[in-house]
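Shown next, in structure tokens, is the structure this report addresses.
The values are calculated or read from the model by the stated rules, or taken from the named source; none is laboratory data. Here the structure is a predicted model, which means the values were calculated and not measured. No Cβ is skipped: glycine too gets one built from the backbone with ideal geometry, and neighbour counts run over all protein chains shown. Areas reflect the complete protein model, heavy atoms only, side chains present, ligands, DNA and RNA absent. Shrake-Rupley method; radii C 1.70, N 1.55, O 1.52, S 1.80 Å.
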Amino acid sequence: MTNHWIDLRYSDAVMIIGSNAAENHPISFKWITEAIEQNGAKLISVDPRFTRTSARAHIYAPIRTGTDIAFMGGLIKYIIENNKQHTKYLANYTNAAFLIDPGFAFNDGIFSGYNESSRSYDKGTWKYHLDENGEPKKDKTLEDPHCVFQLLKTHYTPYDLETVSSITGCPIDRLLAVYETYAATGQDNKAGTIMYAMGTTQHTYGTQNIRTYVITQLLLGNIGRAGGGINALRGESNVQGSTDMCLLFHILPGYLKSPTDEDTDLETYMKHYYEGKRLGSTSLAWWENARKYMVSMLREWWGDEATADNGFCYSWLPKRAGNYSHISLFEDMSKGIIKGTFLFGQNPAVGGPNTLFERDALSKLDWMVAVDLWETETSVFWKRDGVNPADIQTEVFRLPARASVEKEGSISNSGRWVQWRYKGGDGPGESMDDLWIIHALQREVRRLYKKAGGQHAEALTKLHWDYDDGHGHPDVHLVAKAINGYAWGNRNKQVLNFTKLSATGETACGNWLYSGAYNENGNNMARRDKKDTHMGMFHNWSWCWPVNRRIIYNRASVNTDGTPWDPTKPVISWNGEKWVGDVPDGGMPPMHEAEEAGKFALPFIMKNEGVANVFAAGLADGPFPVHYEPMESPVGNLLHPKQPTNPAAYIYPGASGEFGTAAEFPIVCSTYRVSEHWQAGAMTRSLPWLNELFPELFVELSEELAADKGIKNGDLVKIWNKRGTVVAKACVTKRFKPLKVNGKIVHQVGLPWHWGYCGLCSGDSANILTPHVGDANTRIPEFKSFLVDVAKA
């Protein structure tokens, strides 16, 4: 989230797309309700299913799942065509004015540079047209045919109302109502927010779905402002924190790049990703400071062993030789490449795509460790129906874990507020918390390497690991202080924040982004001052990364003289000497005051250009989003018939036989959650009172489809495709309606995905039906749009 939960109350229009926030993110909805009741905000719900969010919305727009880009592309066209864009914001704070290389092109659904055999792009033409000084050429009138704005306008010209309606199934009058309402926020005194969740991301073009939201918000000048922003609703209480701490394979703590085999030494790594990337004299290019963060992290990891002479032990960092995302890992398990795995609080036998494939992949392992609160389907994958346990040679270890209330530490909410939680009580039996498990594992692995040696043994045996509390448990406060950063050689001297980190080894810091969370002022994450400091920001309640800033890119909330676009809702403002309000995103004075002296820096400080990217050359599948169909679709691509699906999406090489056609499987299916159960169900299907509320898998289907199939409410229904079959109770409902898509009637059904074969209530996993394909950039699975057929069981 660029903003934070309370800030939603300042919105004039709220678009919730790919999310049922009223049910699954109720805290967010508290502030949306306040925006409606006190600010007159309009709520828009865009969803294939009429949800509890839709029931509270002023406008409900039904769409076929997987067609967000067409829907949003129509909005982008509407904004430009009707001159609703915030032109001053666009010209000054985005790359809309930048000229693009004349060789850049887009034809028949494909950008220039595509290699069909590798399913990838050579991005040689996806670049700025530079002047003799190496700076991007610009046209702030936004009229040059090679400028980003004009290329964007041309790109979305085909997304007219009739075409978008034919693709999405959304009636034209609803499209117009959404477009008119949301486009009205592109004014100085208005702001709109877009909120999304997994309904957006879990597609083969999920990243590009989000990009359409970003482009829309930049066109309207909604980033950095109160009530604005791009706000991702996380599905767990600490998803944000775990991502910040490098849960994902391609990053190190604080979103530093994970080195690959090509990054042979520290200098090569720094030049590859960070240094010398600044574009233009008015760009702060904050990532140019990455050497301070990387060296301080290496110093924390290897202590005195990390010196300037050995590149601060950079050579001991593991180098990534491929893609280690979820889908790739299970494919390698299936091939016998991966021999063992640890699964902490993860249940892929229910939650992974094409779960029959993933359950079988687990049986190819030599060993597996499952760390969880209860027995899960994954921890007993060898007990499932149709399997003889004697045929499975995987050695399985189950470690009992503790719940969040049984351990002390921090969580980071969706708004980046890092809040300290105290231990409520000990866990049952021999259960232990994750930190103790990792600590014990690390100590034992290090002991074995010291005793027997092995490849790269020094990287483990010489780790700086001094968090023990003297009783065999790591001290969580020592860990938090190490993450914050301190002066090397003086553990008691905490650094104030990441601006005090050193590139030459004088400081150690586990995660630069969290520097300031536990400094010499104490544990700032534990602060609970209820006094509002400014516009609902409560700067002394907990701590927020980065540097306690509550709204990211907040210097875009003011015009070029430092005056807020909307003085009634000032995020920050320039008082003639300094910024007041929120912690500014870089402390430089406003443009009009400093540009002649060369001291001004543009507000998007993490971007090399200093401005936000309408044109984004770094993505795998194009600098502008394109409407493609899901891998399984009931119709062809109306906009690009020659390229029906994302040409750069990840398709498992062994998956060629797992896709069905519309002739075989004519019904669109999507998965979703209910608030009564949690994720893969291990935590909730063991609780009798929650099982009473939702005791079994059900399928939602429209009254019209039910009539066609002879299905009544409560009947057992079979849902199947090439990957498998599930049986569910029929929930015949008005929440789904048939849609007219490209001249034909398309039916959609929905399946919650919480059930499996363990717990007090059991049932089929909806993910038996989902394919092993992924987004071109992240490889997140395409859970939200695939084909099935339905019949009375």
Does residue 190 fit the bill of being closer than 27 Å to residue 565 by Cβ and in contact with a helix residue (DSSP H, G or I) (Cβ under 6 Å, 6 or more places away or on another chain)?
-> no
Quick one: would you say residue 769 is buried (at least 24 other Cβ atoms within 10 Å of the Cβ) and closer than 18 Å to residue 49 by Cβ?
-> yes
Taking the options 372, 332, name whichever one is without any contact (Cβ under 8 Å) to a residue 12 or more places away in the chain and either β-branched (Val, Ile, Thr) or under 30 Å from residue 755 (Cα atoms) (or both).
-> 332
Identify the single condition in (1) open to solvent by less than 40 Å² (accessible area, probe 1.4 Å); (2) closer than 25 Å to residue 171 by Cα that residue 717 does not satisfy, given that it satisfies every other one.
-> (2)
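Restricting the search to region 89-119, which residues are among the hydroxyl-bearing types (Ser, Thr, Tyr), open to solvent by 40 Å² or more (accessible area, probe 1.4 Å) and not in a strand (DSSP E or B)?
117, 118
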Give the residue, chosen from 485, 489, 429, 409, that is open to solvent by 70 Å² or more (accessible area, probe 1.4 Å) and touching a strand residue (DSSP E or B) at 6+ places or on another chain (Cβ under 8 Å).
-> 429
Note: among 334, 328, just one is open to solvent by 20 Å² or more (accessible area, probe 1.4 Å) and within 21 Å of residue 781 (Cα to Cα), namely 334
Any idea which of 194, 223 is assigned to a strand (DSSP E or B) and over 12 Å from the mean Cα position of the chain (by Cα)?
-> 194
Restricted to region 646-661, and to residues that are open to solvent by less than 30 Å² (accessible area, probe 1.4 Å) and of a type outside the set (Asp, Glu), which residue is nearest to residue 726 (Cα to Cα)?
-> 660
In region 1-10, what count of residues is obtained for those that are closer than 17 Å to residue 416 by Cα and either part of a helix (DSSP H, G or I) or open to solvent by 10 Å² or more (accessible area, probe 1.4 Å) (or both)?
-> 6
Residue list for region 50-87, restricted to those being open to solvent by 30 Å² or more (accessible area, probe 1.4 Å) and either hydroxyl-bearing (Ser, Thr, Tyr) or under 24 Å from residue 737 (Cβ atoms) (or both) = 50, 52, 55, 56, 58, 60, 78, 87
Run down 543, 574, 579 and say which single residue is buried (at least 24 other Cβ atoms within 10 Å of the Cβ) and farther than 19 Å from residue 278 by Cβ.
-> 543
What tally of residues in region 170-187 results from selecting those that are touching a strand residue (DSSP E or B) at 6+ places or on another chain (Cβ under 9 Å) and not in a helix (DSSP H, G or I)?
-> 5
Just name the residue that is modelled with the lowest pLDDT out of those in region 11-37 that are open to solvent by 10 Å² or more (accessible area, probe 1.4 Å) and in contact with a helix residue (DSSP H, G or I) (Cβ under 7 Å, 6 or more places away or on another chain).
-> 23
What are the residues in region 461-490 that are assigned to a strand (DSSP E or B) and closer than 11 Å to residue 300 by Cβ, if any?
-> 486
Condition test on residue 363, is it farther than 23 Å from residue 248 by Cα and more than 25 Å from the chain's Cα centre (by Cα)?
-> yes
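Given the options 633, 670, 702, 675, name the one that is open to solvent by 40 Å² or more (accessible area, probe 1.4 Å) and either among the hydroxyl-bearing types (Ser, Thr, Tyr) or on the phi > 0 side of the Ramachandran plot (or both).
675
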How do the pairs read when you match residues in region 564-575 that are among the basic types (Lys, Arg) with residues anywhere that are part of a loop (DSSP other than H, G, I, E, B), using Cβ under 6 Å and keeping only pairs 6 or more apart or on different chains?
-> 569/226
Scan 149, 111, 106 and give me the residue that is more than 28 Å from residue 202 (Cβ to Cβ) and within 29 Å of the chain's Cα centre (by Cα).
-> 149
The lone condition residue 784 fails out of (1) open to solvent by 40 Å² or more (accessible area, probe 1.4 Å); (2) charged (D, E, K, R); (3) touching a strand residue (DSSP E or B) at 6+ places or on another chain (Cβ under 7 Å); (4) within 24 Å of residue 46 (Cβ to Cβ) is (1)
For residue 243: the one exception among (1) more than 20 Å from the chain's Cα centre (by Cα); (2) modelled with pLDDT under 95; (3) surrounded by fewer than 20 Cβ atoms within 10 Å (Cβ to Cβ); (4) not charged (D, E, K, R) | (1)
